[in-house]
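This report concerns only the one structure given below.
The values are calculated or read from the model by the stated rules, or taken from the named source; none is laboratory data. None of these values were measured; they are calculated from a predicted model. Here the Cβ is made from the backbone with ideal geometry for all residues, glycine too, and neighbour counts use every protein chain on show. Side chains are part of the model used for accessible areas, which takes the heavy atoms of the whole protein and leaves out ligands, DNA and RNA. Shrake-Rupley method; radii C 1.70, N 1.55, O 1.52, S 1.80 Å.
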Amino acid sequence: MESVTVEAQIDALLAQMTLAEKVGQMCQVPISHPELDERIRRGEVGSVIYSGTPLPGTGPQPPASAARLNYLQRIAVEESRMRIPVLFGRDVLHGYKTVAPIPLGMATSWSPDVVRSVCRVAAREASADGIRWTFAPMLDIARDPRWGRIAEGFGEDPFLCSALADAAIRGFQGDELSDPDSVLACPKHYAAYGAAEGGRDYNAVEVTTATLRNVYLPPFHAAIRAGAGSIMSAFPEIGGVPITANRALLTDILKEEWGFDGFVISDWAAVDELRYHGVAADRAGAALLAAQAGVDMDMASDVYADELAGLVEAGRLPEAVIDAAVRRVLRAKFRLGLFDRPYTDEQRSAIHLHPDHLRIVRDAAARSLVLLKNDGILPLAKAGLTIGIFGPLANARRTLFGAWTLDGDEASVVSIADRIRAAVDRSVTIRTAELVDDALTRARHCDVVIAVVGEGVSRSGEDHCVTTLDLPPGQQAFLDALHALQVPTVVVVLAGRPLALEPVHRSAAAILMAWHPGTEGAQAIVDVLFGDTVPSGKLPVTFPRTVGQVPLYYNHKPTGRPLPPGDRRHSRYTDHLDSPLYPFGYGLSYTHFEYSNLHIIREDGPAVTVRAEVTNTGPRAGEEIAQLYVRDLVASISRPVKELKGFARLALAPGETQTVSFRLTRDDLSFYNAEGKRVFEPGEFAVWIGPDSSRGLAGTFVIDPDGA
Ligand code: NOJ
């Protein structure tokens, strides 16, 4: 048995290692550390993070190279006493040299296949430069678009996020972790980081046991089940216990209840930050809390390096805690095959930007686009028109990458304006302008304007939270001015978060939400604008009408005073509608889909099959993402008004009908109760199959207490 051999090899290593060398395995050091070579030689470095600053997603980073990493690895493997290879990690979130849409965009595909292939591409390209560990996927459920990091995750829904988490782990880690083109995944940020109060990064979290278990933990559990070999603890505190010191989360649930046998790494400097949380008086206290809680590796703070050995020698921390952590780190290195093959073939970087990779991210980008509105203007003709291409992002290139792109090269991207120029017939006249004044003057002579607006990268990602979801300053005024000129306008929105697009919805002829779509994103957008691709993306997150409505998410709890019908008071605002502008699951097509014939088929025992027919009643072939929602009508704690429990992508020719069928088991209908116990409570359930979370064919079924 391979695993027995690995454990025996780890035993042998542990028996020979000094305390200092063991602690070294628990330390991750930035590539920019001035004494890195020497520290590796002394066996003080278990891992190197290939970034030089705490916020690599928001600024340029030194490029990784196999030659540099091989040089460092040689020191570890040939010059350090224990010859234990170093594990090199980097943030490779949604691509490497070939960049896919931001994760929120990928989630819009509702396609595990898309996520898996994109993560495979990222793994292949990153590993070619010696990176064998990525700090991804980001699995934080996000219900507040003010939080900049909503861009990095898969949206607001635990079911969708869990399906994509599974796919991401399989994509990064490949068939075998020991294959040279596999990378160790590190789901992050465990857990509930997305619930940061006020949508303000790093802020405290207040969450009940039931919400933690039902909403925030499932994607992480799915990632662990898929075999994720490491996990990153999150920055915030929950109920007064910083997660870096949270034994209940890191040990009791993760390692004991879920049986996770990989290792936990802190977030950047988070061990030291326990002092600022006010739970440790000094660095030694911080090290003690984190190690006891179950943090196996300290990212970048050097608190473990400086303090752990002293704590053991002083009898404050059992050496067994260190041994257990080191075992987990070494296990990951064995699984990656680093002991057998520590070096990277320096020729492999030829696969960067491989045509197959570009094809995969182009397909991902095509599926990441959501048509939010279309009065019939789209798709545009490629001939005979005068088209204005305006807006601050029409010529953007780097912006198309989005946040957390450390390795994409701007030279590999073509702007939306240039892609349009290349796509249209010579009979089309293109008008562009740098200044708003000129744009408005030229717009008068256009048949249609394509306005590319939205957020740049500096407004998205870590530490980039906002208090307004309006378009950045000046952009709405520009769109209003176009509207006043009565020029039909197609608005393409690039952004890392849902924006409050109500004013745009009122005036634009069409709106295409494109997120930050990656290397091939501009081409994917042009393919949709001119009808070569039929849009099929569906929102993985609710779009509010105004920032004042947030948090606004579809799977909220009922209140004692629900929305009308009825004349009772209800939970609402007096100055705006209650509903979102675009609900979770929403997205238009160039064709139409009709749902009919809902059937609920009871099986023996607590399982049901729910079916419906979906017909393409429009003029074009298209793909529809059919969605299944459930509500547990009466339970021991109030349950969400709707919960996604299934989805399926159907490719339908004009006039074609397909049956979509979902099976709901007892497990699908179970939930965590107020005590954090998973329970199945029989009774009546409502069920819907439909095109989004606000519409669908509805039915009910009953599961009796005896399960019949
Ligand atoms: C801090 C971020 O929170 C985390 O997502 C990232 O992986 C680390 N820095 C390393 O760059």
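Results, tabulated for the structure shown:
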item	result
Restricting the range 379-412 to residues that are more than 22 Å from the chain's Cα centre (by Cα), touching a residue at least 40 places away in the same chain (Cβ under 8 Å) and under 24 Å from Glu125 (Cβ atoms), the residue that is least open to solvent (accessible area, probe 1.4 Å)	Ala396
Subset of the range 85-112 [more than 16 Å from the ligand (Cβ to nearest atom), open to solvent by less than 10 Å² (accessible area, probe 1.4 Å) and not aromatic (Phe, Trp, Tyr)]	Pro85, Val86, Thr98, Val99, Ala100, Pro101, Gly105, Met106, Ala107, Thr108, Ser109
Test: residue in the range 167-188 that is more than 30 Å from Ser458 (Cα to Cα) and part of a helix (DSSP H, G or I)	yes
Residue in the range 113-131 that is acidic (Asp, Glu) and touching a His at 6+ places or on another chain (Cβ under 9 Å) present	yes
Conditions (1) without any contact (Cβ under 8 Å) to a residue 24 or more places away in the chain; (2) closer than 17 Å to Thr546 by Cβ; number of the one not met by Ser507	(1)
Qualifying residues in the range 297-323 (those that are farther than 23 Å from Ser32 by Cβ and charged (D, E, K, R)) - the one most open to solvent (accessible area, probe 1.4 Å)	Glu313
Residue match in the range 185-195 (condition: open to solvent by less than 30 Å² (accessible area, probe 1.4 Å), more than 20 Å from Gly148 (Cα to Cα), more than 16 Å from the ligand (Cβ to nearest atom) and in contact (Cβ under 8 Å) with a residue 24 or more places away in the chain)	no
Where Asn203 falls short, out of the listed (1) part of a loop (DSSP other than H, G, I, E, B); (2) within 16 Å of the ligand (Cβ to nearest atom); (3) in contact with a strand residue (DSSP E or B) (Cβ under 7 Å, 6 or more places away or on another chain)	(3)
Residue within the range 266-277 that is of a type in the set (Ser, Thr, Tyr), within 21 Å of the chain's Cα centre (by Cα) and within 16 Å of the ligand (Cβ to nearest atom) present	yes
Residue within the range 129-138 that is of a type in the set (Val, Ile, Thr), open to solvent by less than 10 Å² (accessible area, probe 1.4 Å) and closer than 24 Å to Thr98 by Cβ present	yes
Members of the range 46-98 found to be assigned to a loop (DSSP other than H, G, I, E, B), β-branched (Val, Ile, Thr) and either within 17 Å of Ala269 (Cα to Cα) or out of contact with any strand residue (DSSP E or B) (no Cβ under 8 Å at 6 or more places or on another chain) (or both), listed by number	Thr53, Ile84, Thr98
Candidates Arg431, Arg442 - the one that is over 20 Å from Arg497 (Cβ atoms), assigned to a helix (DSSP H, G or I) and free of Cβ contacts under 8 Å to residues at least 60 places away in the same chain	Arg442
Wholly within the range 592-649, strands (runs of 3 or more DSSP E) carrying at least 3 residues that are polar (S, T, N, Q)	608-616
Test: residue in the range 461-478 that is more than 22 Å from the chain's Cα centre (by Cα), open to solvent by 10 Å² or more (accessible area, probe 1.4 Å) and of a type in the set (Gly, Ala, Ser)	yes
Count of residues meeting criterion [open to solvent by less than 60 Å² (accessible area, probe 1.4 Å) and in a strand (DSSP E or B)] in the range 652-698	19
Yes/no for Asp578 being more than 24 Å from the chain's Cα centre (by Cα) and over 25 Å from Glu643 (Cα atoms)	no
Considering residues of the range 131-167 that are in contact with a Ser or Thr (Cβ under 8 Å, 6 or more places away or on another chain) and within 14 Å of the ligand (Cβ to nearest atom) only, the residue nearest to Ser266 (Cα to Cα)	Trp133
